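Asker: Mind having a look at this structure? Questions to follow.
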Amino acid sequence: AATMSMSRKKIGALIVLERNVHLDDIVASGDTINADINQRLIENIFFKNSPLHDGAVIISNHRIKAAGCILPLSADNAMPKYLGLRHRAAKGMSENSDAISVIVSEETGAISTCVDGDFKLNLTSEDLEKLIADEMAKV
């Protein structure tokens, strides 16, 4: 729900869902939140002038673990130029873990995911919910 609201408002976001590979080193790069998943909190984190809006939010065990986290960037030169830094960070995350990355474009509001180095672009909220449910079921 938060991603659709941010999509409509063109609030850029990068949310990483931890699966089997623990992301403790990534969590340590940001600020610990340790809160229940809450749409308004996620929107406030990614609001333009928030001090945490530039980094990624890490979600683990149905909790927001940290925000403002720094992700590894992919060095893949074949990535299309129209995909920005958030997409490059999402791909870098997928190259280093089994996490699911969700990206909301600040420019277009488009919602994308990256899992195992594979992007799914311009998702509807239904597509996103199904993809997350399917991927989490594999854990």
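Asker: Assess whether His53 counts as being open to solvent by 90 Å² or more (accessible area, probe 1.4 Å) and either assigned to a loop (DSSP other than H, G, I, E, B) or of a type in the set (A, V, I, L, M, F, W, C) (or both). If you could, list the steps in order and put the result at the bottom.
Answerer: Details: open to solvent by 90 Å² or more (accessible area, probe 1.4 Å): no; either assigned to a loop (DSSP other than H, G, I, E, B) or of a type in the set (A, V, I, L, M, F, W, C) (or both): yes.
For His53, the condition - open to solvent by 90 Å² or more (accessible area, probe 1.4 Å) and either assigned to a loop (DSSP other than H, G, I, E, B) or of a type in the set (A, V, I, L, M, F, W, C) (or both) - is not met.
Asker: Next question. Considering Arg19, Arg8, which residue is of a type in the set (D, E, K, R) and assigned to a loop (DSSP other than H, G, I, E, B)?
Answerer: Numbers: Arg8 fails: assigned to a loop (DSSP other than H, G, I, E, B).
Among Arg19, Arg8, only Arg19 is of a type in the set (D, E, K, R) and assigned to a loop (DSSP other than H, G, I, E, B).
Asker: Can I ask one more? Looking at region 69-79, which of the residues that are among the hydrophobic types (A, V, I, L, M, F, W, C) and assigned to a loop (DSSP other than H, G, I, E, B) is most open to solvent (accessible area, probe 1.4 Å)?
Answerer: Quick first cut of region 69-79, residues among the hydrophobic types (A, V, I, L, M, F, W, C) only: 69-71, 73, 75, 78-79.
Those left that are additionally assigned to a loop (DSSP other than H, G, I, E, B): 70-71, 73, 75, 78-79.
Numbers: Ile70: 117, Leu71: 19, Leu73: 99, Ala75: 83, Ala78: 87, Met79: 11 Å².
Restricting to residues being among the hydrophobic types (A, V, I, L, M, F, W, C) and assigned to a loop (DSSP other than H, G, I, E, B), the top hit is Ile70.
Asker: Filter region 1-19 for residues that are farther than 18 Å from Ala90 by Cβ and at pLDDT 95 or above and give the result.
Answerer: none
Asker: Quick check on region 112-121. Is at least one of its residues open to solvent by 50 Å² or more (accessible area, probe 1.4 Å) and either small (Gly, Ala, Ser) or in contact with a strand residue (DSSP E or B) (Cβ under 8 Å, 6 or more places away or on another chain) (or both)?
Answerer: As a first pass, look at region 112-121 and keep what is open to solvent by 50 Å² or more (accessible area, probe 1.4 Å): 116, 118, 120-121.
Cutting the leftovers down to either small (Gly, Ala, Ser) or in contact with a strand residue (DSSP E or B) (Cβ under 8 Å, 6 or more places away or on another chain) (or both) gives us 120-121.
Yes, there is a match, as at least one residue in region 112-121 is open to solvent by 50 Å² or more (accessible area, probe 1.4 Å) and either small (Gly, Ala, Ser) or in contact with a strand residue (DSSP E or B) (Cβ under 8 Å, 6 or more places away or on another chain) (or both).
Asker: Quick check on my filter: what residues within region 26-43 are exposed (fewer than 12 other Cβ atoms within 10 Å of the Cβ) and of a type in the set (Asp, Glu)?
Answerer: Once the filter is applied, which keeps residues that are exposed (fewer than 12 other Cβ atoms within 10 Å of the Cβ) and of a type in the set (Asp, Glu), region 26-43 yields only Asp36.
Asker: Take the residues in region 122-139 that are assigned to a helix (DSSP H, G or I), open to solvent by 50 Å² or more (accessible area, probe 1.4 Å) and not basic (Lys, Arg); name whichever of them is farthest from Glu43 (Cα to Cα). Let's see the steps before the verdict.
Answerer: Let us first name the residues in region 122-139 that are assigned to a helix (DSSP H, G or I), namely 125-137.
Pick out the ones that are also open to solvent by 50 Å² or more (accessible area, probe 1.4 Å) and you get 126-127, 129-130, 133-134, 136-137.
From the residues that got through so far, the ones that are not basic (Lys, Arg) too are 126-127, 129, 133-134, 136-137.
Details: Glu126: 19, Asp127: 20, Glu129: 18, Ala133: 22, Asp134: 25, Met136: 23, Ala137: 26 Å.
The qualifying residue farthest from Glu43 (Cα to Cα) is Ala137.
Asker: I'd like the residue in region 97-110 that is of a type in the set (Val, Ile, Thr) and within 17 Å of His53 (Cβ to Cβ) and, out of all such residues, is surrounded by the most Cβ atoms within 10 Å (Cβ to Cβ).
Answerer: Within region 97-110, the subset of a type in the set (Val, Ile, Thr) is 100, 102-104, 108.
Cutting the leftovers down to within 17 Å of His53 (Cβ to Cβ) gives us 102-104.
Values: Val102: 25, Ile103: 27, Val104: 25.
The selected residue is Ile103.
Asker: Also: Could you tell me whether any residue of region 60-70 is closer than 13 Å to Val27 by Cα and charged (D, E, K, R)? Step through it out loud before you land on a result.
Answerer: Step one: filter region 60-70 for residues closer than 13 Å to Val27 by Cα, giving 60, 63-70.
The next check asks that each one be charged (D, E, K, R); those that pass are 63, 65.
Looking through region 60-70, at least one residue is closer than 13 Å to Val27 by Cα and charged (D, E, K, R).
Asker: Next question. Please go through region 11-25 and give me each residue that is open to solvent by 80 Å² or more (accessible area, probe 1.4 Å) and under 19 Å from Cys114 (Cα atoms), ordered by number. Walk me through how you get there before you give the answer.
Answerer: The first filter runs over region 11-25 and keeps only residues open to solvent by 80 Å² or more (accessible area, probe 1.4 Å), leaving 20, 22, 24-25.
Within region 11-25, Asn20, His22 meet the criteria.
Asker: Restricting the search to region 80-96, which residues are more than 16 Å from Asp54 (Cβ to Cβ) and surrounded by 16 or more Cβ atoms within 10 Å (Cβ to Cβ)? Before the answer, list the steps.
Answerer: We begin by selecting, within region 80-96, every residue more than 16 Å from Asp54 (Cβ to Cβ); these are 80-83, 91, 94-96.
Correct list: Leu83, Lys91, Ser94.
Asker: Find all pairs meeting these conditions: Cβ atoms under 6 angstrom apart; at least six residues apart or on different chains; first residue within region 38-62 and under 19 Å from Cys114 (Cα atoms) and in contact (Cβ under 8 Å) with a residue 60 or more places away in the chain; second residue charged (D, E, K, R) and part of a helix (DSSP H, G or I).
Answerer: none
The values are calculated or read from the model by the stated rules, or taken from the named source; none is laboratory data. In this text, all values refer to a predicted model and were calculated from it rather than measured experimentally. Cβ coordinates were reconstructed from backbone atoms using ideal geometry, including for glycine residues, and neighbour counts include every protein chain displayed. To get the accessible areas, we keep the full protein, side chains included, count just its heavy atoms, and leave off ligands, DNA and RNA. Shrake-Rupley method; radii C 1.70, N 1.55, O 1.52, S 1.80 Å.
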